[in-house]
Every structure is written in C-alpha cells, then in structure tokens.
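Have a look at the structure below before the remarks.
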Amino acid sequence: MSSAILVCCAEVVAGSAAWLGRGLSCVCAQRRESDARPSFDLTPGQEERLQRLQSRLDVSYDCSIPEHQEALRALWNAAFPEVELRGLISEQWKDMGWQGKDPSTDFRGGGFISLENLLFFAKNFPKTFQDLLQKQEGDRSVWEYPFAVAGVNITFMLIQMLDLEAVKPRTLVGATFLKFLAESESAFDLLYCITFKLMDHQWLSMRASYMDFNAVMKSTRRQLEQELLLEDITSLEQLPSYGLLSQ
C-alpha cells in the first residue's frame, strides 16, 4: 500500500484518542448492559497479578525515557530488520501504520503497554507479526487498516473488555481472564497476539475495508468473549483462535 493510502487510512481509523474524538465510537469504549455485574472475589495470586498488570496500564509512553526510546527502536528493528531507522521522529514510521512521523503521539489511547504488546507479538510470533504488517495473507481491500494504529486500538479494547481498571472484575469474561493471568504473567500479552490475528481473520472473512473497522472490532470482541467462556478451557493456548497464530 502506498504511503498516501496509508495516511488516508490512518486518518479514518485513528488511534484511540483521535478515533473517539472523530465520533467513530470505537467498540472498545462502549459500555454495555452486560458490563454492569457484581464484582468477583479474587484469590491472592489473582489480586497480585492484577495489580502488577494495572501498574503497567498506568505507564504512559514518555519519549524522554531511554527505556521507552529503546523499546520503540526495538519495535522498528523487529518490523524492518534490514532497514535502518533514521530517527525516532521520521516519515519512515508511516510504513508501519502510524498516523504520522512521531509514533509517540499514537500511544495516548493505549499507553506504553501498547508498545510492549507489539514488541511481545513481534518477538514471540514473528511470522504472524510480519504477515499482518505486510498484509501478506488473503484477498485484501485496497483501503487496508493501518497496522500499528490497529494494534494500539486492540490494546485499548482488551483493557475495556476485561475491565482491567476495576479493583475487581465486574464481568464473567474479566474474572475468567484473571484465572489465566494467575497462571502466566504474560497472559495479557498473549491474548493481545491472539486478538490481533483474530481481528485480521475477521477482517478477511468480512471482506472489510477501512470504514468497516468498527464492525470488525465488534465481531472480534464477540468471538473472543465466546471463546474465553468456553468450558474446559484452562489456558489461552487452548482457545480456538490461538491456532491461527504462527511462530
């Protein structure tokens, strides 16, 4: 896809903050009646892991912090290992699907954890990461979703869907996720990878274009909620959509 097309896509399917500001009503920010449920009690292990995850949610991306700068460089190197990055502010970032030449402005909706999610994806499922970045699979629309901005929106959607900012989960889906989190510190990052690939799978199944992104996200959320609540699922690796991922 050309840079011009990518920028156009990014203007429509913007990062969470800009997207909501444009009135496209991201599904991840919509509260539904099913969200108003009593809170669930947590085991000490679940409470500890939830608190650590919540501490990650509170970290904003800060371009003045060396560790954040290095994480951003690491993401570029994972995405384009044979291309030298000319700077943390560069027109090159548009090739990854950021809205402009400074990707830090797109982290407002997801915070530093959205960058961590993308890095985890790139390191643990490099083939799937590259397939989605390069749009290598399926019969695709001319007007594709911008990869990186979509990733930030997925982080934001998962935080909302799992009710992670609450002291205790108020949905059965959120309570179920904490069982997985208690077993694995990286459960949120792994679920992110599953969700990103599931979203792309839904995108192709729906023959979607960029104006359909909200509908694709709604469909993805519904499918993910259904899978998380399946009986006899004891790990995220047992979710049907996990099988879509490739190392």
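The values are calculated or read from the model by the stated rules, or taken from the named source; none is laboratory data. On a predicted model such as this, the values are computed, not experimentally measured, just so you know. Positions of Cβ are backbone-derived with ideal geometry, glycine not excepted, and every protein chain shown enters the neighbour counts.
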Condition check for THR155: among the β-branched types (Val, Ile, Thr), surrounded by fewer than 24 Cβ atoms within 10 Å (Cβ to Cβ) and in contact with a Phe, Trp or Tyr (Cβ under 9 Å, 6 or more places away or on another chain): no
Of all residues in the range 228-241, which are surrounded by fewer than 18 Cβ atoms within 10 Å (Cβ to Cβ) and on the phi < 0 side of the Ramachandran plot? LEU229, LEU230, GLU231, ILE233, THR234, SER235, GLU237, GLN238, PRO240
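Quick grid of which residues meet (1) modelled with pLDDT under 95; (2) in contact with a helix residue (DSSP H, G or I) (Cβ under 6 Å, 6 or more places away or on another chain); (3) over 30 Å from THR171 (Cα atoms); (4) not acidic (Asp, Glu):
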{"position": "ASN77", "(1), (2), (3), (4)": "no, no, yes, yes"}
{"position": "PHE80", "(1), (2), (3), (4)": "no, no, yes, yes"}
{"position": "GLY87", "(1), (2), (3), (4)": "yes, no, yes, yes"}
{"position": "LEU115", "(1), (2), (3), (4)": "no, yes, no, yes"}
{"position": "GLN136", "(1), (2), (3), (4)": "yes, no, yes, yes"}
{"position": "SER141", "(1), (2), (3), (4)": "yes, no, yes, yes"}
Name the pairs: first residue in the range 121-137 and farther than 15 Å from LEU198 by Cα and touching a residue at least 12 places away in the same chain (Cβ under 8 Å), second residue of a type outside the set (D, E, K, R) and in a helix (DSSP H, G or I), Cβ to Cβ under 6 Å, at least 6 apart or on different chains? ALA122/ALA78; ALA122/PHE129
What are the residues in the range 177-216 that are surrounded by fewer than 17 Cβ atoms within 10 Å (Cβ to Cβ), in contact with a Phe, Trp or Tyr (Cβ under 8 Å, 6 or more places away or on another chain) and charged (D, E, K, R), if any? none
Among the residues of the range 118-147, the number that are in a helix (DSSP H, G or I) and farther than 17 Å from MET211 by Cα is 15
List, please: which pairs have Cβ atoms under 7 Å, are six or more places apart or on different chains, and start with a residue in the range 218-247 that is under 25 Å from PHE156 (Cβ atoms) and end with one that is among the acidic types (Asp, Glu) and in a helix (DSSP H, G or I)? SER235/GLU183; LEU239/GLU227; PRO240/GLU227; SER241/GLU227
Condition set in contact with a Gly (Cβ under 7 Å, 6 or more places away or on another chain) and outside any helix (DSSP H, G or I), scope the range 89-113, selection modelled with the highest pLDDT: answer is GLN99
